[in-house]
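I have placed the structure first, in the form of structure tokens, so that the comments after it can refer back to it.
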Amino acid sequence: MSSRKKPLVFITRKLPDAVETRMRELFDAELNIDDTPPSREALIDAMKRADVLVPTVTDRIDEALIAEAGPQLKLIASFSNGIDHIDVEAAARRGITVTNTPNVLTEDTADMAMALILAVPRRLVEGARVLTDRKGEWAGWSPTWMLGRRLSGKRIGIVGMGRIGTAVARRAKAFGLSIHYHNRKRVSRETEANLEATYWDSLDQMLARVDIVSVNCPSTPATYHLLSARRLALLQPTSIIVNTARGGIIDETALIKALREGRIAGAGLDVFENEPAVNPKLVRLANEGKVVLLPHMSSATLESRIDMGEKVVINIRTFFDGHRPPDRVLPGRL
Ligand code: DGY
């Protein structure tokens with residue numbers, strides 16, 4: 001590409017106005033103003049024409065799609081932290097660089113994980129519904145009504161102690177929870193000391209001993225159904241599980257069964273195995289007050305979306321300036 005020609009950048013979804021405006025200033029940007037997810041055909045067409053594809057978590061950028069890329073397509077600059085929707089190996093084989101937007105949604109995601117950690121045992125959604133469903137009619141306070149379980153003094157087991165897991169741990173500690181974690185690698189001594197965290201190299205052993213499980217690891221082939229039926233069976237019947245990472249990390253069918261049979265007390269889920277479809281059995285459990293469901297919104301703040309956009313812009317600019325983009329995703333690194 002000549003230094004004067006602006007790269008043709010195809011953006012698959014509507015982004016905040018400020019991000020789209022910046023993209024139009026810098027690039028020959030094709031925007032998606034009405035936010036309709038592009039069809040497979042539209043994605044193939046974009047792969048053939050664009051210099052850069054800016055997909056997000058709702059697009060499946062698999063090997064077959066990557067095979068359609070024209071020789072001009074050299075960068076997939078994903079508007080996402082997770083990159084499980086992209087076949088990074090296939091892209092690397094075609095000489096296509098992949099970038100993501102890490103760091104900027106850590107705090108927002110951890111806030112929402114904490115919100116679910118509070119909402120499930122304290123019956124927040126159920127309580128709010130009492131007033132709205134009965135149009136404000138309520139019999140009043142009673143000593144034995146709407147009893148939840150106390151958070152302070154309980155143990156949380158964090159599965160995946162990366163940036164988001166650590167941010168969840170900081171919040172959980174402030175709420176009086178004791179921190180336990182399982183991770184491929186132990187975190188630094190300093191972080192462990194600050195969080196007063198206990199490391200478990202055995203996930204099975206940790207699961208059997210904690211009251212709350214927070215899933216914060218990336219979705220990779222190795223973490224698919226990491227919380228399997230066998231592992232869910234290790235949890236105590238009073239325990240709850242919260243997932244703000246990816247649906248496929250928990251075996252959803254096994255989770256539903258465990259909740260139904262009272263082998264787990266509750267769940268807070270922001271992500272699902274077959275998004276955007278949500279298993280009707282989970283919706284039924286939510287209506288019965290056993291689970292709290294959110295529509296994949298844990299990172300949904302205007303600030304995070306603008307910061308993600310800024311990262312995409314920096315990754316594209318750096319790449320076309322001939323440098324390694326800061327958020328390059330290397331194959332086999334997840
Ligand atoms: C991401 O960017 O990976 C998130 O799932 C969005 O919340």
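Counting only pairs 8 or more places apart or on different chains, how many lysine pairs in segment 106-293 have C-alpha atoms closer than 23 Å?
Eligible lysine pairs with Cα atoms under 23 Å apart amount to 7.
For segment 130-198, chymotrypsin sites (Phe, Trp or Tyr not before Pro) are listed when DSSP marks them as loop and at most 12 other Cβ atoms sit within 10 Å of their Cβ; the list is TRP138, TRP141, TRP145.
If you average the sequence gap of Cα pairs under 8 Å that are 6 or more apart and divide by the length of segment 106-293, what percent do you get for the contact order?
Values: 328 pairs, mean separation 38.9, N = 188.
Computed over segment 106-293, the figure is 21 percent.
Of all the accessible heavy-atom surface of the chain, with the other protein chains kept in place and a 1.4 Å probe, what percent is carbon and sulfur? Spell out each step's value before the answer.
Details: 8760 of 16780 Å².
Its accessible area is 52 percent carbon and sulfur atoms.
Working note: 222 nm ellipticity from helices only, DSSP H runs with n ≥ 4, each -39,500 (n - 2.57), summed and divided by the residues of the chain, gives -10000 deg cm²/dmol to the nearest 500. Here segment 106-293 is treated as a Stokes sphere of Kirkwood radius computed over C-alpha pairs; at 10 °C and 1.306 mPa s its diffusion coefficient rounds to 94 µm²/s. Accessible surface comparison of TYR224, TYR199, probe 1.4 Å, protein chains only, largest first: the order is TYR224, TYR199. Using a Gaussian network model of the chain in which every pair of alpha carbons under 10 angstrom is joined by a spring, one finds that among SER239, SER188, SER228 the greatest mean-square fluctuation is at SER188. Using a probe of 1.4 Å on the protein chains alone, the accessible area found for LYS48 is around 100 Å².
Positive end of the dipole of the chain (Cβ unit charges, origin at the Cα centre): among VAL271, VAL57, SER239, the Cα lying farthest that way belongs to SER239.
So how far, in whole Å, is the C-alpha centre of segment 277-334 from the one of segment 1-73? Comparing the Cα centres of segment 277-334 and segment 1-73, I get a distance of 17 Å.
Write down the accessible area per residue of the chain in Å², having rolled a 1.4 Å probe over the full set of protein chains.
Details: 16780 Å² over 334 residues.
I get 50 Å² per residue for the chain.
Along its first, second and third principal axes, ordered by size, the chain spans 72, 50, 32 Å in Cα coordinates. Each residue was assigned an accessible area with a 1.4 Å probe, and for ARG13 the value is about 50 Å². Under the convention that each Lys and Arg Cβ holds +1 and each Asp and Glu Cβ holds -1, the size of the dipole of the chain around its Cα centre is about 860 debye. Full extension of the chain between ASP28 and ASN287 gives 88.5 nm of extra length, using 0.36 nm per residue less the Cα-Cα distance.
Among 89-99, 32-42, the peptide with the highest mean count of other Cβ atoms within 10 Å heads the list, and the full ranking is 89-99, 32-42.
The values are calculated or read from the model by the stated rules, or taken from the named source; none is laboratory data. Predicted model only: the values in this text are computed from it and were never measured. No Cβ is skipped: glycine too gets one built from the backbone with ideal geometry, and neighbour counts run over all protein chains shown. Just the protein is used for accessible areas: all its heavy atoms, side chains included, with ligands, DNA and RNA removed. Shrake-Rupley method; radii C 1.70, N 1.55, O 1.52, S 1.80 Å.
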